[in-house]
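Bear in mind that the values in this text are calculations on the coordinates, not laboratory data. Since we're looking at a predicted model, the values are computed, not measured. For neighbour counting, all protein chains shown are included, and Cβ atoms are generated from backbone atoms with ideal geometry for every residue, glycine included.
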Amino acid sequence: MSRFHENHREDVAGRANVEDTPELLAYYDDLIKYEAGALWTVANKIEPWEPKSESVPVVWRYNDLRAHVLRSVDLVTPEKAGRRVIYLNNPGRQDVHAAVGWIYAGLQVMNPGERASAHRHSASAIRFIMEGTGAYTVVDGHKMTLGRNDFVLTPNGTWHEHAVEASGTPCIWQDGLDIPLVNALEANFYEVHPDLSEPVAFPVDDMTKTWGNPGLTPSGGDWNNGYSPMFKYEWEPTYDALAKYATATDGSPFDGVMMEYVNPTTNGPVMKTMGASMQMLRPGEHTKAHRHTGSYLYHVAKGSGHSIINGKRFDWSERDIFCVPSWAWHEHVNGSSTQDACLFCLNDLPVMRSLGLYREEAFGENNGNQPLL
Ligand code: 1HN
């Protein structure tokens, strides 16, 4: 049997449906010798009718993972491990370490007084701060203090290093990187800083203070780097903006009250390959189902509830992380009738949009909600 014979075609008009004869089988075997093959034996495999994600929906529960993340502190030093991170594995993916689609994610823990050396890479990265005090990140000489639910960028090519002040407490944050994508494109470079550290060259938190003022931009401010100069988006102003917006909109039937983190100099996504949003589900809200291309990694910033993904219910509460693979039907439910719930979402929409690959569809049956499987 040649390796091509396993891929039997669906019997569908317009697609290959060639019967195997002894002559054809011999022909396929001959082609293999020359590193070639007949397209009609693999057409449906290499070009599906619609996106078929290899990633499966998963919830990573913080209740399960937190103790194991903290255990690593006693087992390895950041120096020995390079970085003390527990990565999130999507069981559908055998090829790469990805949480969903082409997005990698992990939970990083640092103790007070610890520091990781400065480095840079072609992959872009984000952090979403989960717990602890005293953590900071330095990006190209800009030091940022990190608090709960703050969202931080380390765009591709920028020197970055992380640390926790000696006076702080153990800190845990979510890392998100486009490593699988950049590796798939075979374009990833990694470099350690020659001095292992980059001196702080600006006032602490200057980029957020300069670029993070709603409706106002620094006079004469000049920025044209392909990523947002606002390296840190703090939780309080983000939540305030959502709460305010919620009083002025009915929200989206699919997403509730949702806002995008943007590059203030373009109003576009924060980086070229990854974007992010924060959405508020109002008390009791149950959204309609839809699906779209792109990969989505949700982090429950506030509240609890569940999502129905491809007909299956996934319960979540604060600090849990869950994913929605490309083209999967999904809808969200806030489990509380008195409190709002907030979902942070990291995604690869900038890639989908800039390559003309974004597509979405509303669930047309059952009044817009999926029947549970
Ligand atoms: C990285 O640079 C960080 O800077 C975290 O904290 C996780 C995973 C793979 C490659 C680089 C960081 C990473 C990473």
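May I ask which residue of V100, L372, S326 lies farthest towards the positive end of the charge dipole of the chain, with charges of +1 (Lys, Arg) and -1 (Asp, Glu) on Cβ and the Cα centre as origin?
Value: L372.
Taking square-rooted eigenvalues a ≥ b ≥ c of the alpha carbon gyration tensor, is segment 268-373 rounded, prolate or oblate, where a/c under 1.5 means rounded and, failing that, a/b exceeding b/c means prolate? Could you put the intermediate results ahead of the total?
Values: a/c = 2.10, a/b = 1.27, b/c = 1.66.
Judged from the Cα gyration tensor, segment 268-373 comes out oblate (a/c at least 1.5, b/c at or above a/b).
Charges on Cβ only, +1 for Lys and Arg, -1 for Asp and Glu, centred on the Cα centroid of segment 132-179; of T169, G141, F151, which one is farthest towards the dipole's positive end?
The residue sitting farthest along the positive end of the dipole is T169.
What does the net charge come to around L181 if you take all other residues with beta carbon closer than 12 Å to its beta carbon, with K and R at +1 and D and E at -1?
On the way: positive: K272; negative: D178, E186, D348.
Local charge sum for L181: -2.
³J(HN,Hα) across segment 303-318 via Karplus (A = 6.51, B = -1.76, C = 1.60, θ = phi - 60°), whole Hz, x for Gly/Pro?
x, 8, x, 8, 10, 10, 10, 6, x, 10, 8, 10, 7, 9, 9, 3
³J(HN,Hα) across segment 323-338 via Karplus (A = 6.51, B = -1.76, C = 1.60, θ = phi - 60°), whole Hz, x for Gly/Pro?
10, 10, x, 3, 6, 8, 5, 8, 8, 10, 10, 7, x, 9, 9, 10
Against the longest principal axis of the chain, how steep is helix 235-246, in degrees 0 to 90 to the nearest 10, with axes from Cα atoms?
The two axes meet at around 70 degrees.
Shape verdict for the chain, please, from the Cα gyration tensor: rounded (a/c under 1.5), prolate (a/b greater than b/c) or oblate. All intermediate terms of the calculation are to be shown ahead of the outcome.
Working: a/c = 1.88, a/b = 1.42, b/c = 1.33.
Since a/c reaches 1.5 and a/b is larger than b/c, the shape of the chain is classed as prolate.
Counting other C-beta atoms within 10 Å, which of I172, I309 has the fewest, and how do the rest follow? Let's see the in-between values first.
Values: I172 20, I309 25.
Fewest-to-most ranking of I172, I309: I172, I309.
Listing K52, K272, K312, K232 from the residue with the fewest other Cβ atoms within 10 Å to the one with the most, what is the order?
On the way: K52 9, K272 17, K312 14, K232 25.
Least to most surrounded, the residues fall as K52, K312, K272, K232.
How would you rank D250, D320, going from fewest to most other Cβ atoms within 10 Å of each one's own Cβ? Show your work: numbers first, answer last.
On the way: D250 8, D320 19.
So the ranking, lowest neighbour count to highest, is D250, D320.
Determine ³J(HN,Hα), in whole Hz, for all residues of segment 263-278 in sequence, where each value follows from phi through the Karplus function 6.51 cos²θ - 1.76 cosθ + 1.60 and θ = phi - 60°; x replaces Gly and Pro.
Per-residue couplings from phi come out as 6, x, 8, 10, 6, x, x, 5, 9, 6, 10, 10, x, 8, 9, 10 Hz.
Cross-link partners among lysines for K33, C-alpha distance below 22 Å, same-chain residues fewer than 8 apart left out?
Cross-link targets: K45.
Of the listed pairs K52/K312; K232/K302; K232/K312, which have alpha-carbon separations greater than 23 Å here? Intermediate values should be presented prior to the final figure.
Values: K52/K312 17 Å; K232/K302 19 Å; K232/K312 35 Å.
Exceeds cut-off: K232/K312.
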